[in-house]
1. Go through 253, 257 for me and flag whichever is modelled with pLDDT under 95 and in contact with a helix residue (DSSP H, G or I) (Cβ under 8 Å, 6 or more places away or on another chain).
2. Any residue at all in the stretch 381-402 that's farther than 22 Å from residue 87 by Cβ, within 12 Å of the ligand (Cβ to nearest atom) and surrounded by fewer than 19 Cβ atoms within 10 Å (Cβ to Cβ)?
3. Give the stretch 1-37 a look and list any residue that's over 23 Å from residue 290 (Cβ atoms), away from the ligand (no atom under 11 Å from the Cβ) and crowded, with 23+ Cβ neighbours inside 10 Å, or say none.
4. Residues that are buried (at least 18 other Cβ atoms within 10 Å of the Cβ) and not assigned by TED's automatic domain parsing to the domain that holds residue 426: list the strands (runs of 3 or more DSSP E) wholly contained in the stretch 245-353 that include at least 3 such residues.
5. Output the residue which, of all residues in the stretch 59-80 that are in a loop (DSSP other than H, G, I, E, B) and over 21 Å from the mean Cα position of the chain (by Cα), is nearest to residue 128 (Cα to Cα).
6. Somewhere in the stretch 38-56, is a residue part of a loop (DSSP other than H, G, I, E, B), more than 27 Å from residue 133 (Cβ to Cβ) and either more than 15 Å from the ligand (Cβ to nearest atom) or modelled with pLDDT under 95 (or both)?
7. Hey, can you tell me all the residues within the stretch 175-193 that are touching a helix residue (DSSP H, G or I) at 6+ places or on another chain (Cβ under 6 Å) and in contact (Cβ under 8 Å) with a residue 40 or more places away in the chain?
8. Here is a list of conditions, (1) within 16 Å of the chain's Cα centre (by Cα); (2) over 30 Å from residue 377 (Cα atoms); (3) surrounded by 17 or more Cβ atoms within 10 Å (Cβ to Cβ), and residue 157 meets all of them except one; can you say which number that is?
Ligand SMILES: Cc1cc2nc3c(=O)[nH]c(=O)nc-3n(C[C@H](O)[C@H](O)[C@H](O)COP(=O)(O)OP(=O)(O)OC[C@H]3O[C@@H](n4cnc5c(N)ncnc54)[C@H](O)[C@@H]3O)c2cc1C
């Protein structure tokens with residue numbers, strides 16, 4: 001039997017459910033734009049939870065302390081970089097609006113400040129980031145003040161080692177020690193951060209863990225834990241553990257997939273439909289076309305095929321990991337619209353000979369071109385469609401891994417893409 005196609009309409013369709021896609025939906029819904037978002041599982045579950053703006057400058061081994069000043073250097077040295085095309089005031093506004101939304105929805109974040117925060121990585125190295133979840137904020141403070149601190153890890157938990165964190169930081173943080181304990185009711189075999197986080201939503205588990213933490217802390221007043229402090233109410237779980245132990249507690253991200261990323265994804269998936277977004281998660285758009293009246297997106301969910309007519313579209317499909325770009329024998333392509341991809345002239349130029357080459361690898365700067373309204377461009381420089389905009393790491397001329405700028409590119413370009421889509425929607429409704 002042929003399944004009936006469901007027809008939906010919207011003002012804006014967002015394709016992608018990474019940070020760029022979710023940020024675009026948030027900015028749009030706050031501007032009263034009707035949004036439908038479609039996204040396959042993506043990199044958001046891998047993120048540490050830190051929202052980086054700019055942590056490293058190209059060619060310099062030094063960490064960036066003042067990312068706003070570094071944006072000026074970026075504009076001078078890499079004028080094609082997506083962040084170089086956005087006024088700093090807009091970047092700051094985008095972070096402020098995005099983190100305020102996260103806080104209103106139950107995951108508190110520090111506001112963007114004038115300087116980066118020196119934050120702890122899963123391996124116990126340090127990185128520069130702009131905004132840190134409230135559950136992690138006491139870590140950078142304890143490090144800055146070199147407070148006596150115990151890093152706790154757990155029997156059976158892989159991907160997070162207190163000994164490794166302490167070994168990497170001991171020179172700079174002499175009062176740092178480590179203890180290993182059993183997690184309540186999970187003392188045998190391998191244990192997983194996601195399961196631990198969900199277990200800590202239960203008050204009885206928190207009480208048992210609090211007793212163990214008090215003993216492990218010894219004389220220290222501050223303890224660091226892998227990021228497992230609850231899935232849906234992390235700030236509450238942390239506050240409760242602090243109340244029960246009398247200690248200051250902070251989380252350190254674990255290796256991916258990480259609880260802070262899964263927290264964000266689950267929160268978005270719960271909250272955005274409540275705010276009016278038509279969210280179609282875990283699905284891929286299989287075809288996208290444009291005519292003079294609207295865009296048409298084709299996809300399927302578990303109830304059958306869907307045809308979505310959208311006045312505007314934001315493409316936020318990421319890079320290779322998420323399927324926004326595909327690398328093949330003859331080159332790199334954008335699979336949904338076959339947009340031109342700026343890329344090295346041949347496969348032989350994708351990588352430098354040495355993996356650790358300080359210049360980075362050319363393939364990591366591949367992506368699509370946009371105009372000043374964040375519209376993807378065709379060869380020759382014309383926009384593909386006046387209704388199509390793009391955001392996130394699908395954009396060319398940036399290597400977000402080396403620049404420590406993943407969330408920054410995603411959030412700031414989503415802000416500008418929504419601004420441009422809103423302009424188009426209001427001009428087309430008034431004409
Ligand atoms: C291991 C790891 C650690 C990270 N740590 C940090 C960190 O500490 N700080 C930081 O700032 N950033 C970090 N990031 C980067 C961050 O998570 C994002 O990857 C980055 O911000 C890019 O976001 P994006 O939305 O542009 O792309 P992505 O996150 O790649 O999302 C693209 C989305 O598009 C979807 N998609 C693709 N094709 C289709 C289609 N046809 N139909 C529907 N959906 C489609 C994908 O499924 C995916 O959901 C990390 C990333 C990884 C992988």
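1. On the way: 253 fails: modelled with pLDDT under 95.
After applying the criteria, what remains is 257.
2. Looking through the stretch 381-402, at least one residue is farther than 22 Å from residue 87 by Cβ, within 12 Å of the ligand (Cβ to nearest atom) and surrounded by fewer than 19 Cβ atoms within 10 Å (Cβ to Cβ).
3. 26
4. On the way: elements: 248-252, 278-281, 287-290, 295-301, 304-315, 326-328, 331-333.
It comes to 248-252.
5. Restricting attention to the stretch 59-80, the residues satisfying the condition of being in a loop (DSSP other than H, G, I, E, B) are 59-62, 64-66, 78-80.
This time we only want the ones that are over 21 Å from the mean Cα position of the chain (by Cα), so: 59-62, 78-80.
On the way: 59: 16, 60: 14, 61: 12, 62: 10, 78: 20, 79: 23, 80: 23 Å.
By that ranking, first place goes to 62.
6. To start, the set of residues in the stretch 38-56 that are part of a loop (DSSP other than H, G, I, E, B) comprises 40-42, 47-50, 52-55.
Applying the additional criterion that residues be more than 27 Å from residue 133 (Cβ to Cβ) yields none.
The answer is no, given that none of the residues of the stretch 38-56 is part of a loop (DSSP other than H, G, I, E, B), more than 27 Å from residue 133 (Cβ to Cβ) and either more than 15 Å from the ligand (Cβ to nearest atom) or modelled with pLDDT under 95 (or both).
7. 193 - this is the single residue of the stretch 175-193 that is touching a helix residue (DSSP H, G or I) at 6+ places or on another chain (Cβ under 6 Å) and in contact (Cβ under 8 Å) with a residue 40 or more places away in the chain.
8. The number of the failed condition is (1).
The values are calculated or read from the model by the stated rules, or taken from the named source; none is laboratory data. What you see is a predicted model; the values in this text were computed from it and never measured. FYI the Cβ positions are ideal-geometry reconstructions off the backbone, even for glycines, and counts take in every protein chain you see.
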